[in-house]
1. Among (1) over 24 Å from residue 64 (Cβ atoms); (2) modelled with pLDDT under 90; (3) part of a loop (DSSP other than H, G, I, E, B), where does residue 114 come up short?
2. Report every pair of residues separated by at least 6 positions or lying on different chains whose Cβ atoms are under 6 Å apart, first residue within segment 197-211 and free of Cβ contacts under 8 Å to residues at least 40 places away in the same chain, second part of a loop (DSSP other than H, G, I, E, B) and surrounded by 13 or more Cβ atoms within 10 Å (Cβ to Cβ).
3. Within segment 108-116, is even one residue surrounded by fewer than 17 Cβ atoms within 10 Å (Cβ to Cβ) and under 20 Å from residue 211 (Cα atoms)?
4. Considering segment 84-117 alone, what residues qualify as being in contact (Cβ under 8 Å) with a residue 60 or more places away in the chain and under 16 Å from the mean Cα position of the chain (by Cα)?
5. Restricting to strands (runs of 3 or more DSSP E) lying wholly in segment 28-81: which have 1 or more residues that are over 18 Å from residue 124 (Cβ atoms) and under 15 Å from the mean Cα position of the chain (by Cα)?
6. Which of the numbered conditions does residue 35 fail, given that it passes all the others? Conditions: (1) at pLDDT 90 or above; (2) touching a strand residue (DSSP E or B) at 6+ places or on another chain (Cβ under 8 Å); (3) farther than 24 Å from residue 169 by Cβ.
7. Read through the list (1) surrounded by fewer than 14 Cβ atoms within 10 Å (Cβ to Cβ); (2) at pLDDT 95 or above; (3) on the phi > 0 side of the Ramachandran plot, then give the number of the only condition that residue 87 fails.
C-alpha cells in the first residue's frame, strides 16, 4: 500500500465506526437520486436473463424484487454489518486495534468453489469498511466475479466529510435510487480517482461517472 493511500485510509481514524441506529422516523425518510452508474449497470444486466447478482448491502426486498423481475438470481450479504463482529478486533504490531482479515474472509463472502457472479452491487461499502478489510474484500470480489462481470461502487469525495450519513440503497427504477438512512456508520476514508484505480488495478477496466452529491460512481469490469 502506498504511503498516500495509507494516509487516506487513516483520514478519519479515531471516529467510532458505528453507533446507535437512527429513530424510526429517520429510517422512514427516503431520498431519491438519479444514478448514471446504475443506469449503465442496469443496461448491462438487462441484455440477458438468468444472471447471478451479489448485493453487498443490507437486505432490500425492493432490490430483490427489481432484479428478480429482470429474470436474475440474487444473493445478498451485508459485508459492512459482518465487519462489526467484535471477535474480528485484534492488536496490530504497533499496538493499535485492527481487524483480522483472514477471519473476516473465513466468515464473509464464502461461496462454493464453483460459485461465481455476473454482477456485484458494492455500493459505498469500501468507504465505511475498516481499512484492514478493504483490499482483502476487493481481492475476494475479484475471485468470485466472472471474467467480464461488472461491479457498481460509490465513493465519497473529500467534500462529504466524516459525518456523511450512511444510506441503504434501494433500486427504484433503471436509473433511480432511493436512499434510506441506516445505522450510523462513520465514513472511514476518502479515495481519490487514482486510489480507486489502484484498488481495482487487477480488473480490466474502470469508468467514472460524475455526481452532484459528493459521490463518485464507478463501474468496474472484471
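The values are calculated or read from the model by the stated rules, or taken from the named source; none is laboratory data. What you see is a predicted model, and the numbers here were worked out from it, not measured in a lab. Cβ: placed from backbone, ideal geometry, glycine included. Neighbour counts: every protein chain shown.
1. Exception for residue 114: condition (1).
2. 206/200
3. The first filter runs over segment 108-116 and keeps only residues surrounded by fewer than 17 Cβ atoms within 10 Å (Cβ to Cβ), leaving 110-116.
Within this subset, residues satisfying the condition of being under 20 Å from residue 211 (Cα atoms) are none.
No, segment 108-116 contains no residue that is surrounded by fewer than 17 Cβ atoms within 10 Å (Cβ to Cβ) and under 20 Å from residue 211 (Cα atoms).
4. 84, 117
5. Fully inside segment 28-81 and qualifying: 73-76.
6. (3)
7. All conditions pass for residue 87, except number (3).
Table: residues versus (1) out of contact with any helix residue (DSSP H, G or I) (no Cβ under 9 Å at 6 or more places or on another chain); (2) at pLDDT 95 or above; (3) surrounded by fewer than 16 Cβ atoms within 10 Å (Cβ to Cβ).
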residue: 48; (1), (2), (3): yes, no, yes
residue: 51; (1), (2), (3): no, yes, no
residue: 55; (1), (2), (3): no, yes, no
residue: 63; (1), (2), (3): yes, yes, no
residue: 67; (1), (2), (3): no, yes, no
residue: 72; (1), (2), (3): no, yes, no
residue: 75; (1), (2), (3): yes, yes, yes
